[in-house]
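J.: My structure is below; once you've seen it, I'll send some questions.
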Amino acid sequence: MKNRKQRVENIVDLIRTQCVGSQEELARLLVDRGFKVTQATLSRDLKMLKTTKVPTDRGTYMYILPDSNTLKDKLLATGQIAMNANYQSGFISIDFSGNIAVIKTRNGYAAGLAYDIDMSNSPDILGTIPGSDTIFAVVREGLTKEEMHEIFSRLLPLEDKMPRV
């Protein structure tokens, strides 16, 4: 019988490397690794790890861990999304007013996307203020709209959603 520490390490590995959407799916993946767990045990482990379930744009949910900087990093590392894919960001549009970017998202997605923008540690983005469906991002003064477009294109799926500059 494998011990709890090994089981928890495997849960962390599975959540970090795969899009796990339910306890049933996680239990099946653990069985493949030699761990047979009950729903109650799995629930306790997930609570202890402080996991969170977040929605994806595919209409599903997935677990994330609080110590991961961004969900995007996890999906990029496993090759499950392209660099600026709209994986679960909820991004709708962006517009600029002076040195402020106004980013529109689906309802409820602004906080998570603002967190991802802040965690990018871009020296040109001074900070974000999220609402429910809007983010105000303050950028360093003196940047052109083209430069701001370049900065945000590394973080958001801008394709045809960018205003004409």
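The values are calculated or read from the model by the stated rules, or taken from the named source; none is laboratory data. Note that the structure is a prediction, hence the values are computed from the model and not measured. Cβ coordinates were reconstructed from backbone atoms using ideal geometry, including for glycine residues, and neighbour counts include every protein chain displayed.
J.: What number of residues within region 37-55 are among the hydroxyl-bearing types (Ser, Thr, Tyr), closer than 30 Å to Asn107 by Cβ and in a helix (DSSP H, G or I)?
T.: 1
J.: Would a scan of region 144-155 turn up a residue that is closer than 22 Å to Thr52 by Cβ and at pLDDT 85 or above?
T.: Yes, because at least one residue in region 144-155 is closer than 22 Å to Thr52 by Cβ and at pLDDT 85 or above.
J.: Take the residues in region 68-113 that are small (Gly, Ala, Ser) and farther than 19 Å from Asp133 by Cβ; name whichever of them is modelled with the highest pLDDT.
T.: Taking region 68-113 and keeping what is small (Gly, Ala, Ser), we get 68, 77, 79, 82, 85, 89-90, 93, 97-98, 101, 108, 110-112.
Among the residues that remain, those that are also farther than 19 Å from Asp133 by Cβ are: 68, 77, 79, 82, 85, 98.
On the way: Ser68: 50, Ala77: 46, Gly79: 42, Ala82: 41, Ala85: 42, Gly98: 95.
Of everything passing the filter in region 68-113, Gly98 is modelled with the highest pLDDT.
J.: Kindly indicate the residue of region 134-159 that is free of Cβ contacts under 8 Å to residues at least 24 places away in the same chain and part of a helix (DSSP H, G or I) and also surrounded by the fewest Cβ atoms within 10 Å (Cβ to Cβ) among those meeting that condition.
T.: Going through the qualifying residues, I end up with Glu146.
J.: For region 1-36, which positions are more than 25 Å from Pro55 (Cα to Cα) and outside any helix (DSSP H, G or I)?
T.: Met1, Lys2, Asn3, Arg33, Gly34, Phe35, Lys36
J.: Also, I was wondering about something else. Among Gly98, Gly131, Gly127, which is in contact with a helix residue (DSSP H, G or I) (Cβ under 6 Å, 6 or more places away or on another chain), more than 22 Å from Met62 (Cα to Cα) and loosely packed, with under 15 Cβ neighbours inside 10 Å?
T.: Gly131
J.: Among (1) modelled with pLDDT under 90; (2) surrounded by 14 or more Cβ atoms within 10 Å (Cβ to Cβ), there is one condition Arg58 misses while meeting the rest; what is its number?
T.: (2)
J.: Could you list, in sequence order, all residues of region 114-134 that are touching a Ser or Thr at 6+ places or on another chain (Cβ under 6 Å) and either acidic (Asp, Glu) or under 18 Å from Glu150 (Cβ atoms) (or both)? I'd like the intermediate steps shown before the answer.
T.: Quick first cut of region 114-134, residues touching a Ser or Thr at 6+ places or on another chain (Cβ under 6 Å) only: 114, 116-119, 133.
Hits for region 114-134 are Asp116, Ile117, Asp118, Asp133.
J.: Return the total of residues in region 19-55 being among the β-branched types (Val, Ile, Thr) and either surrounded by 17 or more Cβ atoms within 10 Å (Cβ to Cβ) or under 22 Å from the mean Cα position of the chain (by Cα) (or both).
T.: Of the residues in that region, 5 qualify.
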